[in-house]
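Student: Have a look at this one.
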Amino acid sequence: MIKSSNIQPDFDKLTVYDSAVLASKYTAKKIAELILQKQKEGNRAILGLATGNTPKMVYEELIRMHKHEGLSFSNVVSFNLDEYYPISDNDEQSYTYFMNNNLFNHVDIKKENIHIPHTDCTSNQISEYCLDYENKIKSYGGLDLQLLGIGRNGHIGFNEPGSKFDSITRLIDLHPLTREDAIENFGDLNNVPHQAITMGINTIVQAKKILLLALGERKSEIIKKALNGTIATDVPSSILQTLPQVEYILDREAAVLIQK
Ligand code: GLP
């Protein structure tokens with residue numbers, strides 16, 4: 001049974017679930033509802049998607065819905081938040097590989113509707129490439145829904161501390177904590193790229209609906225800062241406090257420091 005509770009009056013958009021599985025299933029349900037609603041209207045669903053450990057169970061649930069409940073992704077257009085720079089699409093640590101492996105290869109999304117920042121451009125082509133990515137999102141009328149995880153330093157996408165709230169898609173230097181956390185996947189700090197292409201904070205906050213999912217005790221400190229702390233660029237996700245379209249979805253462990 002899904003059990004939820006609103007913890008603080010200021011955060012009526014905050015729901016805490018008893019487990020990561022329940023939080024993920026709820027998140028998947030919200031995404032599926034949007035896809036179905038857009039299908040009914042004869043429209044495309046423009047989804048902003050995230051990578052990392054956090055959304056994995058969301059994608060598993062969406063795949064289950066596709067296989068067992070007939071949820072179709074034929075009207076979905078996706079834009080991923082970010083990608084390491086440089087990295088090859090075939091690299092198992094690339095977000096292209098991640099998305100194919102964890103979602104796209106298992107559902108009926110049209111390949112031409114998938115957008116992930118590609119980092120095969122040379123350094124002097126990057127600004128133009130980033131602007132194109134930004135304009136492409138706009139050309140679809142903006143993101144209907146953006147799924148977000150959160151980095152332990154408060155980043156969203158790869159908008160590291162110090163990122164301006166009006167930033168758009170761009171190349172960014174990765175923060176030491178972000179690179180350290182990526183050792184888990186890359187095996188060694190020396191293998192972790194120093195840079196990435198990321199949607200900007202302004203790109204993200206334009207989304208019509210934003211679901212921020214945080215799971216596990218290791219996210220509890222940053223969740224407290226992001227939700228209760230000062231709104232400032234040293235915690236990029238703090239800007240979300242100001243937005244009516246944001247929903248925070250946490251498991252008990254991630255919420256442990258904000259619970260009364
Ligand atoms: C990476 C991604 C973010 C993600 C964050 C948290 O840095 N660029 O989009 O939210 O990691 O990752 P995890 O979910 O594995 O904790």
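Student: Can you pick out the pairs among Lys136/Lys224; Lys13/Lys110; Lys111/Lys224; Lys30/Lys225 whose Cα atoms lie more than 28 Å from each other? List each step's numbers first, then the result.
Tutor: On the way: Lys136/Lys224 34 Å; Lys13/Lys110 32 Å; Lys111/Lys224 38 Å; Lys30/Lys225 25 Å.
Among Lys136/Lys224; Lys13/Lys110; Lys111/Lys224; Lys30/Lys225, the Cα-Cα distance tops 28 Å for Lys136/Lys224; Lys13/Lys110; Lys111/Lys224.
Student: Continuing with this model, one more query. I'd like the projected area of the range 126-203, averaged over all directions, using the convex hull of its alpha carbons. Report it in nm² with one decimal.
Tutor: In nm², the orientation-averaged hull projection of the range 126-203 is 5.6.
Student: Quick one: plug the Kirkwood hydrodynamic radius of the chain (C-alpha pairs) into Stokes-Einstein at 20 °C, 1.002 mPa s, and report D in µm²/s.
Tutor: Reported coefficient: 116 µm²/s.
Student: Applying a 10 Å radius around every beta-carbon, put 144-155, 114-125 in order of their mean neighbour count, most first. Show your work: numbers first, answer last.
Tutor: Values: 144-155: 23.0, 114-125: 15.6.
Sorting 144-155, 114-125 by mean packing, highest first, produces 144-155, 114-125.
Student: Provide the gained length on full extension for the span Asp12 to Asp173, in nm with one decimal, where the gain is 0.36 nm per separating residue minus the Cα-Cα distance. All intermediate terms of the calculation are to be shown ahead of the outcome.
Tutor: On the way: separation 161, 0.36 × 161 = 57.96 nm, distance 3.46 nm.
Full extension of this stretch gives 54.5 nm more.
Student: Quick one: grab the alpha carbon gyration tensor of the range 167-260, order the square roots of its eigenvalues as a ≥ b ≥ c, and give me rounded if a/c is under 1.5, else prolate or oblate depending on whether a/b is larger than b/c.
Tutor: Oblate, because a/c is 1.5 or more while a/b does not exceed b/c.
Student: Give, in nm to one decimal, the length gained when the segment between Asp188 and Lys224 is fully stretched (0.36 nm per residue of separation minus the Cα-Cα distance).
Tutor: Details: separation 36, 0.36 × 36 = 12.96 nm, distance 2.97 nm.
10.0 nm is the gain from fully extending Asp188 to Lys224.
Student: Can you put Met57, Met199 in order of Cβ neighbours within 10 angstrom, beginning with the fewest? If you can, show how the numbers build up before the last one.
Tutor: On the way: Met57 21, Met199 29.
With the fewest neighbours first, Met57, Met199 line up as Met57, Met199.
Student: In the range 35-140, what trypsin sites (Lys or Arg not before Pro) fall in a loop by DSSP, with at most 15 other Cβ atoms inside 10 Å? Can you show the working numbers first?
Tutor: Numbers: sites: Lys38, Lys40, Arg44, Lys56, Arg64, Lys67, Lys110, Lys111, Lys136, Lys138; in loops: Arg44, Lys110.
Taking the range 35-140 and a limit of 15 other Cβ atoms within 10 Å, the loop trypsin sites (Lys or Arg not before Pro) found are Lys110.
Student: Another question, if that's okay. Within 10 Å of each residue's Cβ, count the other Cβ atoms and sort Val205, Val235 from fewest upward. The partial results should precede the final answer.
Tutor: Details: Val205 18, Val235 21.
Lowest to highest Cβ neighbour count: Val205, Val235.
Values in this text are rule-based calculations from the coordinates and carry no lab data. Keep in mind that what you see is a predicted model, and the values were worked out from it rather than measured. Positions of Cβ are generated from backbone atoms using ideal geometry, with glycine treated the same way; all protein chains shown enter the neighbour counts.
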